[in-house]
Amino acid sequence: MLLLPAVFVCTAISIYIAALRAGMSAWRWGIAALALGPLLLPLFTSHKRLVILRARGRNSRLFRP
């Protein structure tokens with residue numbers, strides 16, 4: 001019974017820290033992760049990638065082979 005809220009809280013904390021490190025609005029992502037839990041991870045990673053692309057520019061590559 002306590003496992004599901006614990007997973008949601010751990011997910012919220014980890015997404016909050018990742019948003020802080022990426023320079024995104026951490027408070028909003030933390031609250032959203034607290035409400036949606038692990039379901040928010042794909043949306044967070046795609047939004048983080050878009051933020052990085054916007055900061056670096058469209059013609060630059062993220063990874064060089």
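The values are calculated or read from the model by the stated rules, or taken from the named source; none is laboratory data. On a predicted model such as this, the values are computed, not experimentally measured, just so you know. Positions of Cβ are generated from backbone atoms using ideal geometry, with glycine treated the same way; all protein chains shown enter the neighbour counts. We work out accessible area using only protein heavy atoms, side chains counted, and drop any ligands, DNA or RNA first. Shrake-Rupley method; radii C 1.70, N 1.55, O 1.52, S 1.80 Å.
Worth a mention:
- Selection from the stretch 25-39 of residues that are hydrophobic (A, V, I, L, M, F, W, C), closer than 25 Å to A55 by Cβ and open to solvent by 50 Å² or more (accessible area, probe 1.4 Å): W27, I31
- Against the criterion of being of a type outside the set (V, I, T), at negative phi and out of contact with any Phe, Trp or Tyr (no Cβ under 8 Å at 6 or more places or on another chain), L20 qualifies.
- Pairs with Cβ under 8 Å, 6+ apart, first in the stretch 29-51 and within 16 Å of I17 (Cα to Cα), second open to solvent by 80 Å² or more (accessible area, probe 1.4 Å) and of a type in the set (F, W, Y): W29/Y16; G30/Y16; A33/Y16
- Any hit, the stretch 11-24, residues being out of contact with any helix residue (DSSP H, G or I) (no Cβ under 9 Å at 6 or more places or on another chain) and open to solvent by 60 Å² or more (accessible area, probe 1.4 Å): yes
- Scan of the stretch 46-56 for residues that are modelled with pLDDT of 85 or more and open to solvent by less than 80 Å² (accessible area, probe 1.4 Å), ordered by number: S46, H47, K48, V51
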